[in-house]
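Step one of this worksheet: look at the structure below.
The values are calculated or read from the model by the stated rules, or taken from the named source; none is laboratory data. All of these numbers come straight from a predicted model, not from anything done at the bench. All Cβ positions, even for glycine, are placed from backbone atoms using ideal geometry, and neighbour counts span all protein chains on display. Ligands, DNA and RNA are stripped out before the accessible areas are found, and what is left, the full protein with its side chains, is counted by its heavy atoms. Shrake-Rupley method; radii C 1.70, N 1.55, O 1.52, S 1.80 Å.
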Amino acid sequence: MQVKLFREGEELFVVAKSGGRQAKENAMRRKKLATLLWTLRSLRREGSRDGLLLRLGAAQSKAGRAASLVEIHLPTAQNGAKRKQQVQPGSFKFRLLKEALKESELYDGHYLLRSNLSDKEPEWLWKLYMLLVEIEAVFKSFKNDLGLRPIYHSVEARVEAHIFVCFLAYCLSVTLRQRLTALAPGLTPRAVLETLAGVQMLDLEMPTSDGRWLVMSRYTQPDKAVELLRVRLKLQLPEQPPPRLSAQRKLTP
């Protein structure tokens with residue numbers, strides 16, 4: 001990471017450049033461009049102008065900002081046409097704007113920070129900004145990976161309990177992410193939780209001769225995906241719980 005400092009009055013500007021991020025952004029843009037150009041080549045065989053516009057719009061939406069790097073010439077619309085207009089050969093053209101592509105790649109991996117903390121070192125400001133990014137990632141994890149939606153409380157104790165449960169859930173998620181980094185790179189905590197969701201705990205209830213109920217709690221047999229994940233993460237399933245007797249039958253909703 002390269003950091004440069006510029007001052008203007010009471011404001012401080014920090015320019016940060018990351019070589020790894022630059023290579024990643026270049027690769028992402030070129031991949032989207034390659035997919036877009038491949039789709040545009042296939043559109044040359046489209047016979048209907050309406051179909052051409054629909055497929056073109058979908059391709060540009062998928063390419064995102066990379067679509068602005070391709071200049072496209074569409075077939076001219078015919079006024080007063082009552083049926084689907086046919087695309088004339090050679091009327092649909094496109095070309096890659098190479099100079100615009102080179103200019104876009106110059107800014108990849110660069111970040112400009114503006115701050116009024118003029119007495120701080122640029123490296124410290126960059127670390128503070130990265131801390132902000134991590135905090136935003138925490139809230140994203142709450143909503144997406146953990147599925148913790150806002151719950152409104154009117155009692156202070158319940159508010160504190162809700163925050164405490166959310167914090168514990170995030171701590172477990174971070175612990176799982178660190179374990180995945182060491183033992184199963186490429187997997188996300190959300191993917192692991194979705195896979196392990198197939199293991200469920202069931203209660204089998206059977207009546208006894210003396211009027212009581214024999215309750216046997218059993219978890220379902222793990223499938224191949226769960227077993228592979230368990231071995232990779234070095235997890236050990238607990239023993240099946242022992243049977244227990246109950247005076248009343250457990251009512252299930």
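Which FRET efficiency value, to the nearest 0.05, do you get for Lys234 and Leu5 by plugging their Cβ-Cβ distance into 1/(1 + (r/R0)^6) with R0 = 45 Å?
Details: r = 47 Å, r/R0 = 1.04.
For Lys234 and Leu5, the calculated efficiency is 0.45.
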For a paramagnetic label modelled at 7 Å from the Cα of Leu128 toward its Cβ, which residues of the stretch 1-38 fall within the zone defined by backbone nitrogen distances under 13 Å?
11-14
Give the ranking of Ser246, Ser209, Ser173 by solvent-accessible surface, highest area first, calculated with a 1.4 Å probe.
Ser209, Ser246, Ser173
If you line up the long axis of helix 156-183 against the longest principal axis of the chain, both from Cα atoms, how many degrees apart are they, to the nearest 10?
70 degrees
Once both label points are put 7 Å beyond Cα along the C-beta direction, the Val155-Arg177 separation in nm becomes 3.3 nm
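What net charge do the residues around Leu74 carry, taking every other residue with its C-beta under 13 Å from that of Leu74, with Lys and Arg at +1 and Asp and Glu at -1? Intermediate values should be presented prior to the final figure.
Details: positive: Arg44, Arg49, Arg55, Lys93; negative: Glu46, Asp50, Glu71.
Combined, the nearby Lys, Arg, Asp and Glu give +1.
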Karplus 3J(HN,Hα) series, Hz, for the stretch 232-242 with 6.51 cos²θ - 1.76 cosθ + 1.60 (x for Gly, Pro):
5, 8, 6, 9, 10, 5, x, 5, 4, x, x
Taking R0 as 45 Å and r as the Cβ-Cβ distance between Ser246 and Trp38, the FRET efficiency 1/(1 + (r/R0)^6), rounded to the nearest 0.05, comes to 0.10
Simple spin-label estimate for Asn116 and Val165 in nanometres, 7 Å along Cα-Cβ:
4.0 nm
Using Cα atoms only, what is the angle between the long axis of helix 19-43 and the major principal axis of the chain, expressed in degrees (0 to 90) to the nearest 10?
70 degrees
Based on the Cβ-Cβ distance of Arg30 and Lys93, what FRET efficiency does E = 1/(1 + (r/R0)^6) give at R0 = 25 Å, to the nearest 0.05?
0.70
Degrees separating the helix 49-63 axis from the principal Cα axis of the chain, which is the longest one:
60 degrees
Simple spin-label estimate for Val138/Phe13, 7 Å along Cα→Cβ, in nm, reads 3.2 nm
